[in-house]
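Structure record follows, encoded as structure tokens.
The values are calculated or read from the model by the stated rules, or taken from the named source; none is laboratory data. Small disclaimer: the values here were computed from a predicted structure and weren't measured. For neighbour counting, all protein chains shown are included, and Cβ atoms are generated from backbone atoms with ideal geometry for every residue, glycine included. These area figures cover heavy atoms from the full protein model, side chains too; ligands, DNA and RNA do not enter into them. Shrake-Rupley method; radii C 1.70, N 1.55, O 1.52, S 1.80 Å.
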Amino acid sequence: LIKLYHCPDARSFRCLWLLEELQLPYELAMLQFPPRLKSPEFLQVSPCGTVPWMIDGEAVLFESAAALEYLSSSYGAGELAVPSDKSDRAAWMNWLHFGEASMTMPLATMMRYTYFEPPERRQPQVVADCRDIYLSRLAMVESALQGRDYLVGNRFSAADISVGYALLLSRMLKLQDDYSDTIKAYWERLRQRPAYKAAKHAQSAQDSAVS
Ligand SMILES: N[C@@H](CCC(=O)N[C@@H](CS)C(=O)NCC(=O)O)C(=O)O
């Protein structure tokens, strides 16, 4: 059984969403955020205290984009597998990493200096700069979606989970009101997926069971 350490709506949500898309059985270990402070025993599992931490037998994954690639190439051959076409595969890999490194990083920095740091350590200039960086990068997504519903090969894939998670996180910073109709429609398409809803449900069902 795959075991996933997870905090509500953290990057580990990418793994949870894909586990649901693939309809794989899994065990969910819910932690409060940030686990480093709220569940210090988790440091015995993950020395840096971050999620995801996903265990599949001998395999351990602690980067969400890597976990998406691992799951899609290990399970569910077919719809969600890594594309075999060379240019689709290149696009798939770009979006997989773009979602985390280029989109989620500036958002996570915004979250930190908007909500998590104590007031005296908040950094409005950093928040404003990261917002500009994020929005300029979102233009890449906008352009990729012209005339298509999904990022790669016009079918849903793990690339959409990687980027879709950044869109989910951006809602916590209330960035969505300024989104174009293209991005709004894309987000709507993603969040209507039964597996997205099942992942949301799984984390909240467990979360309330714990607290
Ligand atoms: N690049 C990593 C980032 C992992 C990461 O920073 N996770 C956050 C949750 S979104 C975390 O656990 N933060 C807790 C902390 O920094 O103490 C990934 O994509 O998995």
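Looking at segment 41-49, can you tell me whether even one residue there is of a type in the set (F, W, Y) and open to solvent by 50 Å² or more (accessible area, probe 1.4 Å)? No; the residues of segment 41-49 include none that is of a type in the set (F, W, Y) and open to solvent by 50 Å² or more (accessible area, probe 1.4 Å). Screening A139, A159 for residues that are among the hydrophobic types (A, V, I, L, M, F, W, C) and within 16 Å of the chain's Cα centre (by Cα) leaves exactly one candidate, A159.
Among the residues of segment 124-180, how many are hydroxyl-bearing (S, T, Y), closer than 26 Å to T114 by Cβ and either touching a residue at least 60 places away in the same chain (Cβ under 8 Å) or open to solvent by less than 50 Å² (accessible area, probe 1.4 Å) (or both)?
Of all residues in segment 124-180, those hydroxyl-bearing (S, T, Y) come to 134, 136, 143, 150, 157, 162, 165, 170, 179-180.
Restricting the remaining residues to those that are closer than 26 Å to T114 by Cβ gives 134, 136, 162, 165, 170, 179-180.
Narrowing further to those that are either touching a residue at least 60 places away in the same chain (Cβ under 8 Å) or open to solvent by less than 50 Å² (accessible area, probe 1.4 Å) (or both): 134, 162, 165, 170, 179-180.
Number of matching residues: 6.
Mind telling me which of the residues A67, A77 ends up being at pLDDT 95 or above and of a type in the set (G, A, S)? The match here is A67.
Exactly one of (1) under 15 Å from the mean Cα position of the chain (by Cα); (2) within 9 Å of the ligand (Cβ to nearest atom) is unmet by E20. Its number? All conditions pass for E20, except number (2). All conditions in (1) within 24 Å of P34 (Cβ to Cβ); (2) open to solvent by less than 70 Å² (accessible area, probe 1.4 Å) hold for I183, with the sole exception of (1).
Mind checking whether some residue in segment 52-71 is away from the ligand (no atom under 16 Å from the Cβ), open to solvent by less than 70 Å² (accessible area, probe 1.4 Å) and touching a residue at least 60 places away in the same chain (Cβ under 8 Å)? Walk me through how you get there before you give the answer.
We begin by selecting, within segment 52-71, every residue away from the ligand (no atom under 16 Å from the Cβ); these are 57-58.
The next check asks that each one be open to solvent by less than 70 Å² (accessible area, probe 1.4 Å); those that pass are 57.
Adding the requirement that they be touching a residue at least 60 places away in the same chain (Cβ under 8 Å) leaves none.
Checked against the condition, which is being away from the ligand (no atom under 16 Å from the Cβ), open to solvent by less than 70 Å² (accessible area, probe 1.4 Å) and touching a residue at least 60 places away in the same chain (Cβ under 8 Å), segment 52-71 yields no hits at all.
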